[in-house]
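Asks: Take a look at the following structure, please.
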Amino acid sequence: FPYGPGEDEGRLVASVARSLVAFSLHNELFSRLLAACFVHFVQRSAADPLSAEFDRFVADGGLPLRQFAVFEAIAAAHPREPWQRWPDDLRRPDTPGVADFAGRHARAVRFALYLQWLAERQLAAAAIHAKTSGLAMGFFRDLALGAAPDGAEPWANPGTYAHGVSIGAPPDAFSPSGQVWNLPPPNPQAMTASACAAVRDLLAANMRHAGALRIDHVMALSRLFWIPEGATAAEGAYVGYPLDALLDVLAIESVRARCLVVGEDLGTVPEGFRERLATADVLSYRVLWFEREGAGFTDPSRYPVKAAACVSTHDLPTVAGWWTGADIDEKQALERLTAEAADAERAERLASKEALAAALDRAGIARGAHVDGAAPHDDAVTAAIHRFVAASPSVLAMIQADDLAGETTAANLPGVDRGRANWRRKLSVDVEALWRTEAGVQAIADFAATR
């Protein structure tokens, strides 16, 4: 803290010991800290190297960066109020009211620009440090699907988004009632008319400082499921997108940034879509829990080469959670499963564990020590399951930090926004110690031999 230890520092240090991230506290304290840093920054002369660097950043960012900063300044003046409820003359970026506001609140706009500059500098420095420390690809970044309806993108670019609808997913085995994501869909007609300019800029920004980029719900390159406002997911319909043009843009930006692309192709995938992505050298995303053949598990030798293979994801059970059934217990506790349904899932899970144990044996993964599907979870089970994925020919094999730490609770449970700390749980092991856990040590030995 710029003025020495004090109450704020004590509150922040105390929060570090908590098992959950206190986002509201961190936001409050860091907002004050950054505001204090900004006071010192604006006192620098124009000839100061940092001031000159900041000015170049603002100039390079152009109109999109400027509009974002103005949006942030208006949002700060209307806390917890979506832009749809702002005064009429502030609801579009090209109104005289917005220009007048920006002029009267120039310092707030500059502060928003300053925060973006700090984020860019820190991300760039972290990427360089990662590369020089031995990470061959550097950062593996993630591009989430869509923009928040009350965020800066729809405000600054209203014509590029459809209104009165949300994207989501139809009912399926993973979510029997379907999913409504409350995200406005991009307008495919505007996309085609602009030669996919917004997508091109989005990809370029997210590939910067990255060696790999995972695109969430990559089926959006071909189609999105639109659901009218107030309707259920079962009442939605698919809307097509310019796949060929989008793949061309993706390829151009990937080459420019020297950044490989992984497409999260899980869920309801159109026929032939995975093959089309493979032809374009977009890696598939293969998750062990979903790689099934009937009641059994697909042999790793049958995973595609052009793929990123993993055991689980942030939205799915960890290895320990899946093996112990902790995810089923949690859903029952949250009343997302009845007692009868939970018992049925536990019986099905036992059968799945036995099927996985059999697959491990067939693949020669257990190394003479048979994994018993009915036995309790231990580090040997985690190691064997990771060896199974690593035995695939897929060019990338990934391990979650949660599994190295032995976590039993997933980072996120989709569809739940109350009663559960989504995206707030801290790892029970310090980052520096992850590879010194039993699972980490074993993974290093196993992957060094096969990868």
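Asks: Please work out the average accessible area per residue across the chain, using the 1.4 Å probe convention, and give it in Å².
Replies: Per residue, the chain has an accessible area of 52 Å².
Asks: Sticking with this one: Quick one: in the stretch 117-200, what % of C-alpha pairs are over 14 Å apart?
Replies: In whole percent, the long-distance tail amounts to 74.
Asks: Still on this structure, I have one more. Report, as a whole number in µm² per second, the diffusion coefficient that Stokes-Einstein gives for the stretch 1-125 at 10 °C and 1.306 mPa s using the Kirkwood radius over alpha carbon pairs.
Replies: Taking Rh from Cα pairs, D becomes 96 µm²/s.
Asks: Pop a pseudo-label 7 angstrom from the Cα along the beta-carbon direction at both THR95 and PHE38 and give the gap in nm to one decimal.
Replies: 2.3
Asks: Which trypsin sites (Lys or Arg not before Pro) in the stretch 10-116 sit in a loop by DSSP (not H, G, I, E or B) and have at most 10 other Cβ atoms within 10 Å of their own Cβ?
Replies: For trypsin sites (Lys or Arg not before Pro) across the stretch 10-116 that sit outside H, G, I, E and B with at most 10 neighbouring Cβ atoms in 10 Å, the list reads ARG80.
Asks: Can you give the net charge of the other residues whose Cβ lies under 9 Å from the Cβ of ILE215, counting K and R as +1 and D and E as -1?
Replies: Once positives and negatives cancel, what remains is -2.
Asks: Per the 1.4 Å probe, what fraction of the accessible area of the chain, in percent, lies on carbon and sulfur atoms?
Replies: 56
Asks: Next question. Using the Kyte-Doolittle scale, which helices in the chain average at least -1.0 and also have C-alpha atoms spread 30 Å or more along the helix axis, with helices defined as whole DSSP H runs?
Replies: The qualifying helices are 49-77, 106-132, 339-362.
Asks: Amide H of ARG223 versus every other amide H placed in the peptide plane: which residues, excluding those fewer than 5 positions away on the same chain, fall under 5 Å?
Replies: Result for ARG223 returns TYR241.
Asks: Taking the alpha-carbon centroid of each part, what is the distance from the stretch 164-233 to the stretch 126-146 in angstrom?
Replies: Cα centroid to Cα centroid, the span is 24 Å.
Asks: Helix-only mean residue ellipticity at 222 nm, the chain, DSSP H runs n ≥ 4 weighted -39,500 (n - 2.57), per residue, nearest 500. What is it?
Replies: It comes out at -14500 deg cm²/dmol, rounded to the nearest 500.
The values are calculated or read from the model by the stated rules, or taken from the named source; none is laboratory data. Since the structure is predicted, the reported quantities are computational estimates derived from the model, not experimental observations. Ideal geometry is used to build each Cβ from the backbone, glycine not excepted, and the neighbour counts take in all protein chains shown. We work out accessible area using only protein heavy atoms, side chains counted, and drop any ligands, DNA or RNA first. Shrake-Rupley method; radii C 1.70, N 1.55, O 1.52, S 1.80 Å.
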